[in-house]
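Chemist: Would you mind keeping the following structure in view while I ask a few things?
Every number here is computed from the coordinates shown, using simple stated rules; none is lab data. This structure is a prediction, so every number in the text was calculated from the model and none was measured. With ideal geometry, Cβ positions are generated from the backbone for all residues, glycine too; neighbour counts draw on all protein chains shown.
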Amino acid sequence: MGIGPSTKETTLHHFRDPLVDELCDDTDIDFVGVILAGIPQDNASKYFTGDRIGALAEAMRVKGAIVSEDSWGNSNVDFAHAIEEIGKREIAVVGVSFVGVQGAFVVTNRYMDSIVDINKSVEGIETNVVGENNLVRTDAKKAKALLKLKMRKLNR
C-alpha cells in the first residue's frame, strides 16, 4: 500500500508546513529543528534509522518530539520504532499520521498513546483530492497541545 492522491502534500505545503509554523510561533517552546528520515526497505535498516533518531533526539537534549509520517502499512514499522526510541529515552513524544478507517497500525508500542489522525474524509479513506488528507494547522495545534501535556507530565 502506498500513499494516495489525498495524502500527498504539495510543494507549497512543505514551504509553509503547519507543524513547523505552529511550533515556531509558540513562545513556550524552544523549537530545535526537524529531522528528516527516509523509509528503508529492509527491517535492519528500518530499526537502525529509528535507533539513530532516538539517539539524535537524546543528544539534542530535547524534552519533546513530534513524529509524523505520510504513509501507512510497512511505513508504520519506521514510525512506531522512531516513536519507541524517542519515548524510551524519557522524551515526550506524539505521533501524527493518516489512520482513517483502518483504525490500527501494523505495529504498535506503549509510547504510541498520543496519535493525531490527519484523516479529513467522512468515510475515513483516502480520496482523489490532492492534499485533502494531509496535516493542517488544526492537526498541528492538537499535536502541540498533546506534546505540551506529555512534557509537563514527564517533567514533574
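Chemist: Can you give me the long-range amide H partners of Gly95? Hydrogens built in the peptide plane at 1.01 Å from N, cutoff under 5 Å, separation of 5 or more residues or another chain.
Modeler: Result for Gly95 returns Val67, Ser114, Ile115, Val116.
Chemist: Thinking of the stretch 34-89 as a set of Cα atoms, what percent of all their pairs are more than 18 Å apart? Walk me through the intermediate numbers first.
Modeler: Values: 375 of 1540 pairs.
Counting pairs separated by more than 18 Å, the tail of P(r) holds 24 percent.
Chemist: What is the local net charge at Lys141, summed over the other residues whose Cβ is closer than 10 Å to its Cβ (Lys, Arg +1; Asp, Glu -1)? Before the final figure, lay out the partial values.
Modeler: On the way: positive: Arg137, Lys142, Lys144; negative: Glu22, Asp26, Asp139.
With Lys, Arg at +1 and Asp, Glu at -1, the neighbours total 0.
Chemist: Assigning unit charges at the beta carbon (Lys, Arg +1; Asp, Glu -1) and nothing else, what dipole magnitude in debye, to the nearest 20, does the chain show about its Cα centre?
Modeler: On the way: 19 positive and 23 negative charges, 122 e Å.
Dipole size: approximately 580 debye.
Chemist: Towards the positive end of the charge dipole of the stretch 5-154, with charges on Cβ (+1 Lys, Arg; -1 Asp, Glu), say which of Gln41, Ala59, Thr7 has the farthest Cα.
Modeler: Selected residue: Ala59.
Chemist: Once amide H atoms are placed 1.01 Å from N in the peptide plane, what residues at a sequence separation of 5 or more from Ser71, or on another chain, have their amide H within under 5 Å of its amide H?
Modeler: For Ser71, the qualifying residues are Phe98.
Chemist: Based on the alpha carbons, how large is the Rg to Rh ratio for the stretch 112-156 when Rh follows Kirkwood? Before the final figure, lay out each step's value.
Modeler: Values: Rg = 13.6 Å, Rh = 12.1 Å.
Using only Cα positions, Rg/Rh for the stretch 112-156 is 1.12.
Chemist: Residue by residue through the stretch 76-83, which ³J(HN,Hα) values in whole Hz follow from phi under the Karplus form 6.51 cos²θ - 1.76 cosθ + 1.60 (θ = phi - 60°), with glycine and proline marked x?
Modeler: Calculated HN-Hα couplings, in order: 4, 4, 5, 4, 5, 5, 4, 4 Hz.
Chemist: Let me ask something else. When N counts the residues of the stretch 5-156, how does its alpha-carbon radius of gyration compare numerically with 2.2 N^0.38 Å, as a ratio?
Modeler: Values: Rg = 14.9 Å, N = 152, 2.2 N^0.38 = 14.8 Å.
The reported ratio for this selection is 1.00.
Chemist: Let me ask another. Using only DSSP helix segments of four residues or longer, with each worth -39500 (n - 2.57), what per-residue ellipticity at 222 nm results for the chain after dividing by its residue count and rounding to 500? Could the numbers behind the result be given before it?
Modeler: Numbers: 5 runs with 61 residues, N = 156.
My calculation for the chain gives -12000 deg cm²/dmol from helical runs alone.
Chemist: What are the ³J(HN,Hα) values, in whole Hz, obtained from phi via the Karplus relation 6.51 cos²θ - 1.76 cosθ + 1.60 with θ = phi - 60°, for each residue of the stretch 117-128 in sequence order, with x given for Gly and Pro?
Modeler: Using θ = phi - 60°, the values come out as 8, 8, 4, 10, 6, 4, 6, x, 10, 6, 10, 9 Hz.
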